[in-house]
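Shown next, in structure tokens, is the structure this report addresses.
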Amino acid sequence: MSPLDPDRLLPLEPSARTIARELYARVVTAPIISPHGHVPAASLLDDEPFGDPTSLLITKDHYVTRLLHANGVDLRALGADADPRGAWRLLAEHWHRFSGTASAYWLRHELATLFGVEDDLDPSNADSIYDTVAARLSEPGFRPRALFRRFGIEVLATTDDPLDDLADHRALREDDSFTGRVLPTFRPDRYIDPDAATFEGAIPRLLAATGRPATFAGYLDALEARRAHFVAEGAVSLDVGVTDPTTVDLEPQEAERLFARILAGPCSAADRLAFRGHMLLQLARMSVDDGLVMTLHAGVHRNHSTATHTAFGPDTGHDIPVPTGFTRALRPLLERFGLERDLHLVVFTVDETAYSRELAPLAGFYPSVYIGAPWWFLDAPDAMQRWRSAITETAGFYRTSGFIDDTRAFLSIPARHDTARRVDSSFLARLVTEGRIPLRVAERIADDLVSTIPNAAFKL
Amino acid sequence: MSPLDPDRLLPLEPSARTIARELYARVVTAPIISPHGHVPAASLLDDEPFGDPTSLLITKDHYVTRLLHANGVDLRALGADADPRGAWRLLAEHWHRFSGTASAYWLRHELATLFGVEDDLDPSNADSIYDTVAARLSEPGFRPRALFRRFGIEVLATTDDPLDDLADHRALREDDSFTGRVLPTFRPDRYIDPDAATFEGAIPRLLAATGRPATFAGYLDALEARRAHFVAEGAVSLDVGVTDPTTVDLEPQEAERLFARILAGPCSAADRLAFRGHMLLQLARMSVDDGLVMTLHAGVHRNHSTATHTAFGPDTGHDIPVPTGFTRALRPLLERFGLERDLHLVVFTVDETAYSRELAPLAGFYPSVYIGAPWWFLDAPDAMQRWRSAITETAGFYRTSGFIDDTRAFLSIPARHDTARRVDSSFLARLVTEGRIPLRVAERIADDLVSTIPNAAFKL
Amino acid sequence: MSPLDPDRLLPLEPSARTIARELYARVVTAPIISPHGHVPAASLLDDEPFGDPTSLLITKDHYVTRLLHANGVDLRALGADADPRGAWRLLAEHWHRFSGTASAYWLRHELATLFGVEDDLDPSNADSIYDTVAARLSEPGFRPRALFRRFGIEVLATTDDPLDDLADHRALREDDSFTGRVLPTFRPDRYIDPDAATFEGAIPRLLAATGRPATFAGYLDALEARRAHFVAEGAVSLDVGVTDPTTVDLEPQEAERLFARILAGPCSAADRLAFRGHMLLQLARMSVDDGLVMTLHAGVHRNHSTATHTAFGPDTGHDIPVPTGFTRALRPLLERFGLERDLHLVVFTVDETAYSRELAPLAGFYPSVYIGAPWWFLDAPDAMQRWRSAITETAGFYRTSGFIDDTRAFLSIPARHDTARRVDSSFLARLVTEGRIPLRVAERIADDLVSTIPNAAFKL
């Protein structure tokens, strides 16, 4: 096999493959819309060269470090203080253990398309591939802005703290030499979720920064002010990540008293749940007012290994999903705002059981609910096929978010979007060959999936 | 693509397709057995022409109205007071958004096979297709009885209130000009579930109608009397729809006291759960006595949107599934009656996780438990394949209910049964080509799935 | 179809089939590693002929008796006191009802490969097949040791009570005429789980047998002593089967008090949960010390039908799975020992929802966690494909246990391992033809799946 089969991920059966190829050809070069991710705006503003291959492709990618760790590699050997070439050799040594994972698929794509690496990584070629990648990374064409253009990115959203002044975004927008669209995203977790790892002191900081009084009304006002700032700087969405998506409707006085207890801290689990749940509802209310799309990434137990969190910090590979329900959890929010057409609530899950049971039925009724693309562990070919299969028969294609790459790994963006386009072309081709939709309609859907659909869901 | 590919839903691979075609050919014209559904007996008794295309194909079909609503259409524009042609145009405008759904698949089937519509619906042909359908609907061959015959329906079960006198059923049976078999089904939800939307006042009405005293014994006696009436009028089954299928065994005195509290109302959640759970067990006990098959449709949160329920009533598209377990929930019932061979308990779920985890293992041991066909949101080609895949390796084909259309949409009955026959033929063909069952056995199973199996499960 | 298609379970599409055949050919004759199962060592020590076909293939196989029971056969007609030929005829009469099940697949394999039976079982040939099988079973080549060699079994683990003296294992090891490797497995359920059916009196028996005092320390010491005995006799693993895998960390004094309450009995559900949960953690701690691999089979409600349990005992077909979570349940254990590289915790589940949501993410980070092969109801071709699809994209192939047959049915061992090899070859062939892994890597993985991977997971 050449490193990249041009027909990879397309169906094998000849008639389906022919149709899938045709659909894929329509979208292969379509601009990339990336309305949710974790690339920092500063990297595009500064346009500094990326570092060495290891810091770019291993150290910062917890998909990669986690599986090396599971296979016995010490995280210290992969961190910022480690020998980059040594870490790269460790990856090469364990590379067959990544076979079949999304990470391996993306990295093969990147090595082949960006670095011209033809051979599959193994211990014998680890050094020469490292040298090839390192050499390329020093070229001007491999700086962030050049790659942004080369990747055909039309929109790229970052993820930002509500107190961020967004100066990088503004500077980037005012820089005539950069024409890309880079949008901030309001991510208030630490200010609304008492169970967030960095909740401690966050609300007082928010109140101080916005000059609001320590009342519930002052607090809501502070959040609204910061949202307004984000809207002014181009944001189209806010994103919330919570373990439990339960929403809670409270009377104002009840909310005020709860807020006082939360500020005084520490609080009972019931209070923490009620506060977070009520704030999810309040954030949705604010979205009805200011139009920000609300994306919800729910159901992950963050920092499962305390020892690893203490030694290496968050986002180090031990965030583990838990069972997650939405039908009952979102009801209080939907009772209040579910029929509002200006509300867009995009729900992501890492619990596949919710697809056919809850998300597709909810998005198949409520005009405000959109089904988020397969997220995190599920952002991989087989999982994407399962997602389409589970949701489409109830909700069709138009109640979804479009593809979201949600990545910190800038170089993987084209690989991830290409994967989604191949999977969707294959899925559509199957429906056509099974006589379930006309080819003409499949063509329209293929086009819409990379344009109209994400643009509508994210109000772009 | 012609509107209906004759090989639609059959496998693409040539050897599997050949076998699937052969199996499908055996059953394509087999009579339709429809032992559970929602077509009113009155429609066949009166044999009045159906109304306009919209009232027939849109207004009454909450699969269709829900997805239009999700895509931004006001339910008022689709209701009985709306302009029928305007509503039809709305459907045409949004038709591509139904692609891939079961609704679209069925409607294409109906338009092609019943109305000779060759083109796929779109705004340009909406009016002409409307006119074609409207013209046909006024023909004598499109009256309910003519279609009943044309569809090859052998048995059709309705769903009825326990206090229904079943006069329509009797009249229909006594009408020599109609030879079809139309059976009533006893649906006691509102009389046994304090959480049912129409529970209020139902038990007093039942007691009054049957002249029974307001004691638990009187109440059980009233239910038994009404069941006896249904049996006398030809019923073979009762159907229960509850959100939570928990069953509860109670001592008689305990049940008596609980009944008194329930009658006095309002009651705690624990009392409501215990009462409903105990009544599920009592209904099973009655089935051991009178032989009625008990079908259980569990796990749907009804009327999720209060505003919509208030404005438009029940069955308007916002019944949403919740996680549902059966192993522990059904145990009290099965401890009492699970080994009774005369009890047939057919369990339906919209939580796919229960298929391999609970339903197949339960039906693979208890002679009383049958696995219900994929229900509601799961009554679609991919979901049906997942169902067969999940249950067959544990329970085989013979511990299932046979296909159930469960529909209010009379015209969709042939499309739905045809879908099941195609999917089952494809599934069986795969097992044959994978060397897992002999073709001869697959032929027998294909035949049994549309005859012996539903006849046995429903004691027809 | 001949009874056994040489390409059974391989993909139909020609290019995938070619690759799958090649991969399967590499492993078809590889030795069988069976590190977890229920064949008694005595059967190999004594090397007595197996009994009649029914006692060998029906009576002791609750996969078979359960489905016959579900289809209306009385368990008495299949038990040790029943007429063997009559029971065999019952199986033949119901044989088509097993179509599509794993049991039917295995039995067809056994009848064809071991007994030369070419025809599919049915009532007309039931007697002649019975006679054929019975005649073969009396031949010397059908004694346990001869079959052990013929099956190519390299390692076979049994499952044993901690108080077993393992004399059979020792005698077998010292018998020069038998060169197979047969290992004991420490199965302490009844000594650690107050909800186990045979918990009553077990701890006192353990303390008496080991001469330890009735303190928590004495109890732990007793378990450690018995583990040491197992290690000395060649054991590489312990196995625990619990309904709820919740683990609990307790302070020593708290554990001591809890132990006293448990010994005094009867205890509250909370106490029983805490004790079992703490003992799971203690067993893991012991594994860090003595190196025994800890396998966890969780999530089955044992003896669901009390009447059947009373009349026929345990393992009679009514153990039914329940929803099972691991992310939260295993956390206390993993917080203590999850990063220990000498700990191997192999987790099996019959709740498929945990695959992508919990097990793959856990095993993709913790070096101690291995994903157990599809277990029990899920040990079947479609379920195995779902398992690979659900876990591989997150955790790859190398964080799994390798195939485990977990069987009491000695004759089914080759059929089960062959099934796994065919399914894995098919899965790998699909990844190759979809351009996701190079063929060269797939070949390595195919080899490793039947050698390196189980050997590493089970420290063989």
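Every read-out reported here was derived from the displayed coordinates using simple, explicitly stated rules and does not represent laboratory data. Quick caveat: nothing in here was measured; it's all calculated off a predicted structure. Don't worry about glycine lacking a Cβ; one is built from the backbone with ideal geometry, like all the others, and counts go over all protein chains shown.
3J(HN,Hα) couplings calculated from phi for region C:12-18 with the Karplus curve 6.51 cos²θ - 1.76 cosθ + 1.60 (θ = phi - 60°) are, in sequence order, 7, 4, x, 5, 5, 5, 4 Hz; Gly and Pro show x. Once the other residues with Cβ under 14 Å from the Cβ of A:Leu68 are scored (Lys, Arg +1; Asp, Glu -1), what is the net sum? Residues near A:Leu68 contribute +4 overall. Against the longest alpha carbon principal axis of chain B, how many degrees, from 0 to 90 and to the nearest 10, is the axis of helix B:269-290 turned? The angle comes out at about 80 degrees. When you restrict to C-alpha pairs under 8 Å that are six or more residues apart and normalise by the size of region A:49-141, the relative contact order lands at 34 percent. Axis angle, to the nearest 10 degrees, between helix C:126-137 and the longest C-alpha principal axis of chain C: 70 degrees.
With an 8 Å Cα cut-off and a minimum separation of 6 or more residues, compute the relative contact order for chain C in percent.
Relative contact order of chain C: 20 percent.
Anisotropy class assigned to the protein assembly as shown is rounded, per the alpha carbon gyration tensor with a/c under the 1.5 cut-off.
Shortest first, C:Glu22 label-point distances to identical copies amount to 3.2, 3.2 nm, with the label point at 7 Å from Cα along Cα→Cβ.
Residues whose amide H lies under 5 Å from that of B:Ser237, counting only those 5 or more places away or on a different chain, are B:Phe186, B:Val293; hydrogens are built 1.01 Å from N in the peptide plane. The chain C residue nearest the rotation axis shared with chain A, using its Cβ and rounding the distance to whole Å, is C:Thr353, 3. Ranked by the mean number of other Cβ atoms within 10 Å of their residues, highest first, the peptides C:48-58, B:53-63 fall in the order B:53-63, C:48-58. Sorted from closest to farthest, the other copies place their B:Ala214 label points 5.7, 5.7 nm away, with each point set 7 Å from Cα along Cα→Cβ.
Post the alpha-carbon centroid distance, region C:401-438 to region B:420-460, in whole angstrom. So the two Cα centres are separated by 26 Å.
Peptide C:437-445 has a mean shielding of 5, counted as Cβ atoms of other protein chains within 10 Å of each residue's Cβ. Axis of helix C:102-115 versus longest Cα principal axis of chain C: the two differ by about 60°, to the nearest ten degrees.
Scanning residues 5 or more positions from C:Arg181 or on other chains, those with amide H under 5 Å from its amide H are C:Leu156, with H placed 1.01 Å from N in the peptide plane.
Peptide C:327-337 shows a mean partner chain C-beta count of 3 within 10 Å per residue C-beta. When only the Cβ of Lys, Arg, Asp and Glu is charged (+1, +1, -1, -1), the dipole of the protein assembly as shown relative to its Cα centre reaches about 340 debye. Peptide packing for C:116-127, C:444-455, B:396-407 was compared via the average number of neighbouring C-beta atoms within 10 Å per residue; ordered from the highest value, the list is B:396-407, C:444-455, C:116-127. Please work out the C-alpha center-to-center distance from region B:93-172 to region A:371-395 and express it in whole Å. Between the Cα centre of region B:93-172 and that of region A:371-395, the gap is 32 Å.
Label-to-label distances for C:Thr132 across copies, nearest first, come out at 5.7, 5.7 nm, using points 7 Å from Cα in the beta-carbon direction. The residue list C:Thr353, C:Val133, C:Pro184 was ranked by how far each Cα lies along the charge dipole of chain C toward its positive end, using unit charges on Cβ atoms, and C:Thr353 comes out on top. Between region C:312-352 and region B:217-291, the alpha-carbon centres lie 38 Å apart.
Neighbouring Cβ atoms from other chains, within 10 Å of the Cβ of residues in A:70-81, number 2 on average.
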